[in-house]
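Notes follow the structure.
The values are calculated or read from the model by the stated rules, or taken from the named source; none is laboratory data. Bear in mind the structure is a predicted one, so any value in this text is a computation, not a measurement. Backbone-built Cβ (ideal geometry, glycine too); neighbour counts: all protein chains shown.
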């Protein structure tokens, strides 16, 4: 996130001060008194399957260009987390998700992100690369390119999914990814207990 | 959310245009090319109990001043959803939460909010009003001031909690609150199924 230098309302240079009723420094405009907050972002995405195979996307944009991921991206205003997840599947893989249910909620405090991933069916088994995607693939568990996955959250979600599938019951999974950006994360799983 | 008028990086007036690789209008600076995104916010909070009683807070700030709520507020950068929920309990009710688990995930697309509420024990049964709270109360189910609740998400969470408690099993609950701001929401519950 870029540091805030100027007020979005009046263009005056902002100060970083702790407001009277607050406990953290905020970007405050000394001219118009507007406070510009910065908050965590939600990333929403889908694990879509067809005849047991998983839809993966090879990224055509940075970060992690050429690596593989589940279709996902930043949630937009005025949509639900599910609508956002389905939109990302459409944008990145021209894919329609059906029979969706919440599967994973991951906290990444080190980068101020919260992931919400849904699992469901890939309609008609149809997908093709969207604008930010180099290639898509429908892969068996044995074909997942584990060493070429873009993000550890997606690796974690896939592993839990295959585990659940073997056990015959899909759970909701919750974990916190701890550690500093750039380092390998420590995954604290707290659900299912 | 206030409309963005000026660039946070260089103070130039922004345009609202759809970037080449995007599908929605964004606040774009024609001078330095910075794009200022606006995204949904996470609200995190706690349902804390002591000897079967529920901790509620009477709000001392707008919106919905004087009405009752569970301690909750905007998630901050570099914290997990659980850390945020515990922080809010501390700030609003000087309360320490223990044995916490995720209880409810609510989408409010009409105001671009996502709620994540945790349930747990109120340590030592101790709480008192924080800065933004007029009064706190530890209430039996029969004492909940249903008609004086500040937000329909909290009413929904409390109702589901009491239902689960009667059934002897706490679930994770998911719902989307649909409709326009200012109107009564239509609650679409999709988990548990």
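Output yes when any residue across the range A:86-97 is within 7 Å of another protein chain (Cβ to nearest Cβ), touching a residue at least 40 places away in the same chain (Cβ under 8 Å) and touching a strand residue (DSSP E or B) at 6+ places or on another chain (Cβ under 9 Å), and no when none is.
For the range A:86-97, residues within 7 Å of another protein chain (Cβ to nearest Cβ), touching a residue at least 40 places away in the same chain (Cβ under 8 Å) and touching a strand residue (DSSP E or B) at 6+ places or on another chain (Cβ under 9 Å): absent.
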Taking residue A:136, is it in a strand (DSSP E or B), modelled with pLDDT of 95 or more and more than 14 Å from the chain's Cα centre (by Cα)? yes
Restricting the range B:136-157 to residues that are surrounded by 14 or more Cβ atoms within 10 Å (Cβ to Cβ) and free of Cβ contacts under 8 Å to residues at least 40 places away in the same chain, the residue that is nearest to residue B:46 (Cα to Cα): B:155
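Name the residue that is nearest to residue A:63 (Cα to Cα), counting only residues in the range A:175-193 that are assigned to a loop (DSSP other than H, G, I, E, B) and within 12 Å of chain B (Cβ to nearest Cβ). Working first, answer last.
Step one: list which residues in the range A:175-193 are assigned to a loop (DSSP other than H, G, I, E, B), which gives A:179-185, A:192-193.
Now drop any that are not within 12 Å of chain B (Cβ to nearest Cβ), which leaves A:180-181, A:192-193.
Details: A:180: 17, A:181: 13, A:192: 31, A:193: 33 Å.
If we take residues in the range A:175-193 being assigned to a loop (DSSP other than H, G, I, E, B) and within 12 Å of chain B (Cβ to nearest Cβ), then A:181 is nearest to residue A:63 (Cα to Cα).
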Wholly inside the range A:37-83, strands (runs of 3 or more DSSP E) that include 1 or more residues that are surrounded by fewer than 16 Cβ atoms within 10 Å (Cβ to Cβ), at pLDDT 95 or above and within 14 Å of chain B (Cβ to nearest Cβ) are A:72-74
Looking only at residues in the range A:18-36 that are facing chain B (nearest Cβ under 8 Å) and not in a strand (DSSP E or B), which one is surrounded by the most Cβ atoms within 10 Å (Cβ to Cβ)? A:34
Can you find, within the range B:141-160, the residue that is nearest to residue B:112 (Cα to Cα) among those that are in contact with a helix residue (DSSP H, G or I) (Cβ under 7 Å, 6 or more places away or on another chain) and not in a loop (DSSP other than H, G, I, E, B)? B:155
If we scan the range B:2-17, do we find a residue that is more than 10 Å from chain A (Cβ to nearest Cβ), in a loop (DSSP other than H, G, I, E, B) and either surrounded by fewer than 18 Cβ atoms within 10 Å (Cβ to Cβ) or in contact with a helix residue (DSSP H, G or I) (Cβ under 8 Å, 6 or more places away or on another chain) (or both)? no
